[in-house]
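Asks: I'd like to ask some things about the structure below.
The values are calculated or read from the model by the stated rules, or taken from the named source; none is laboratory data. What you see is a predicted model; the values in this text were computed from it and never measured. FYI the Cβ positions are ideal-geometry reconstructions off the backbone, even for glycines, and counts take in every protein chain you see.
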Amino acid sequence: MFHDASVKDLKKKMSLLEKEKAEAERDELKKQLEELNKVNEEIKSVVIKRAKKIKKMNEDVDDNAKLFEKLSLEISELHMRNKNLNETNQTLHQMLSDLHEASANEIKVMKLEIEALRADKSVKDEKLNMLYTVMEQHLGINVQSIYNNLEFKGLESVGFREKKSWLRRQLKGRKS
C-alpha cells in the first residue's frame, strides 16, 4: 500500500508531466501552425501576384498575337500595293520608251522636212535671182538701186502686199 501511494503519486506526477508535455507540444505545434499560416499567407500572396502577372502576360500574348496578325495583313497589303506599283512602273516605263521612240522618229521626219524646205528655199532663191536677172536684163533696170531710192513714207504700218503693189506702181511710172 505504501507503494500504492507512491505509485499513485508517481502516476499523478507522470500524468501531470504528460499533460505539461502535451501542452508544451501543443503550444509548440500552435507556434509552428501560426508560422506556417504566415508563410502560407506570404506564399499565397506571391502566388496570387504571379497568377496576376501570368494572366496579364497571357493577355499581352493575346494582344501581341492580334498585333502580329494585323501587321501580317498590313504587310500583305503593302506587298500587293508594291507589286501593283511595280507593274504600273513597268507600264509607264514602256510607254515612256514608246514615246521616246515615236518622238525620235518624228524628229527625224521633221529634220528631213526642214532639209527639204531648205533645199526648196534654195531652189526658189536661185529662181528668184534668175528672175531678177532676167527682169533687169530684159527691162534694163536695176531693181536694187530703184528700191534704195524709194521713199516708203507712211508705209511702215502697211502690209507686204500693199508695199508690193506700191512698188509696182512706182516701177510702171518710171517706165513711162
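Asks: Mind checking which pairs have a first residue in the range 113-133 that is free of Cβ contacts under 8 Å to residues at least 24 places away in the same chain and a second that is assigned to a helix (DSSP H, G or I) and of a type in the set (Asp, Glu), Cβ under 8 Å, 6 or more apart or different chains?
Replies: Between residues of the range 113-133 that are free of Cβ contacts under 8 Å to residues at least 24 places away in the same chain and residues that are assigned to a helix (DSSP H, G or I) and of a type in the set (Asp, Glu), there is no close pair.
Asks: Determine whether Met95 is at pLDDT 90 or above, of a type in the set (A, V, I, L, M, F, W, C) and surrounded by 10 or more Cβ atoms within 10 Å (Cβ to Cβ).
Replies: yes
Asks: Next question, about the same structure. Evaluate the following for Glu34: is it at pLDDT 85 or above, surrounded by 10 or more Cβ atoms within 10 Å (Cβ to Cβ) and more than 60 Å from the chain's Cα centre (by Cα)?
Replies: Yes.
Asks: Here is a check on your reading of the model: is Ser145 of a type in the set (Gly, Ala, Ser) and under 27 Å from Lys172 (Cβ atoms)?
Replies: When the stated conditions are applied, Ser145 passes them.
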